[in-house]
Amino acid sequence: MRYFLFTLILISFRLNAQSKNDTNYYKLEIPKSFSVQLQSKYNPEGAKKDIENNSVKILFSGGFGGMPSFNNKKDISFQKKYSVQFYSQGCVRMGENENEEGYNLTIFNFLDKKFGTCWRKDIRTDAIGLKLFLKKM
């Protein structure tokens, strides 16, 4: 992400060459402002694409207070058994269209269709939207 923004800044600079006799051989013009619109794939539409591409994730909260660790045997076993990846973005948010709960609800419905309800007893309870999903069922 940092490299992307840095590249945008560099691209937005305009280098104007002047004659070699000028004392200011290059003039660097820096734009006063620019905007970047970020699009997130963590919404129900993104979940459907991830299901089609067999790159299913289950999203978890994380951020300044700490990131969850997914390296214990139970988490690794769940990810392998159900072909999913546990993922936390931390405190980074990628745009107005982000809907992590909607993403996970779509994934949970997919897991129900593919595996029945057995996955529910094995999943971590802190997955985003899990409590809402289980209430609706």
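Per 0.36 nm of contour for each residue apart, how much would the distance between S83 and K41 grow if the chain were fully extended, relative to their Cα-Cα spacing? Don't skip to the answer; put the middle values down first.
Details: separation 42, 0.36 × 42 = 15.12 nm, distance 1.89 nm.
Between S83 and K41, full extension yields 13.2 nm more.
Please work out how much length the chain gains when fully extended from S55 to M67, using 0.36 nm per residue of separation minus the C-alpha to C-alpha distance, in nm with one decimal. Display every interim value, and only then the final one.
Values: separation 12, 0.36 × 12 = 4.32 nm, distance 2.12 nm.
Full-extension gain reported as 2.2 nm.
Going by amide H atoms built from the backbone, whose H comes under 5 Å of the H on S88, apart from near neighbours?
HN-HN under 5 Å from S88: F60.
How far is it, in nm, from the label point at L132 to the one at R120 when both lie 7 Å from their Cα along the line to the Cβ?
It is 1.7 nm.
Using the Cα centre of the range 44-136 as the reference point, and only Cβ charges (+1 on K/R, -1 on D/E), how large is the resulting charge dipole? Debye, rounded to the nearest 20.
Working: 16 positive and 11 negative charges, 108 e Å.
Result for the range 44-136 is approximately 520 debye, rounded to the nearest 20.
Just going by the charge dipole of the range 44-136, with Lys and Arg at +1 and Asp and Glu at -1 on Cβ, which of F86, L134, P44 is farthest out on the positive end?
Checked the options; the winner is L134.
Note down the relative contact order for the range 44-136 as a percent, whole number, built from C-alpha pairs under 8 angstrom at least six residues apart. Could you put the intermediate results ahead of the total?
Details: 105 pairs, mean separation 34.6, N = 93.
Once normalised by length, the contact order is 37 percent.
Among the listed pairs K73/K135; K74/K131; K74/K136; K57/K114; K41/K121, which are separated by more than 22 Å between their Cα atoms? It would help to have the intermediate numbers written out before the result.
Working: K73/K135 28 Å; K74/K131 20 Å; K74/K136 26 Å; K57/K114 15 Å; K41/K121 27 Å.
Among K73/K135; K74/K131; K74/K136; K57/K114; K41/K121, the Cα-Cα distance tops 22 Å for K73/K135; K74/K136; K41/K121.
Of all alpha-carbon pairs in the range 44-136, indicate the percentage at a distance above 17 angstrom. Mind dumping the intermediate values first?
Values: 2061 of 4278 pairs.
Result for the distance tail: 48 percent.
Once amide H atoms are placed 1.01 Å from N in the peptide plane, what residues at a sequence separation of 5 or more from K57, or on another chain, have their amide H within under 5 Å of its amide H?
For K57, whose amide H was placed from the backbone, the distant partners under 5 Å are Q85.
Laboratory data are not the source of any read-out in this text; all were calculated from the coordinates shown. Bear in mind the structure is a predicted one, so any value in this text is a computation, not a measurement. We place every Cβ from the backbone using ideal geometry, glycine too, and count neighbours over all the protein chains shown.
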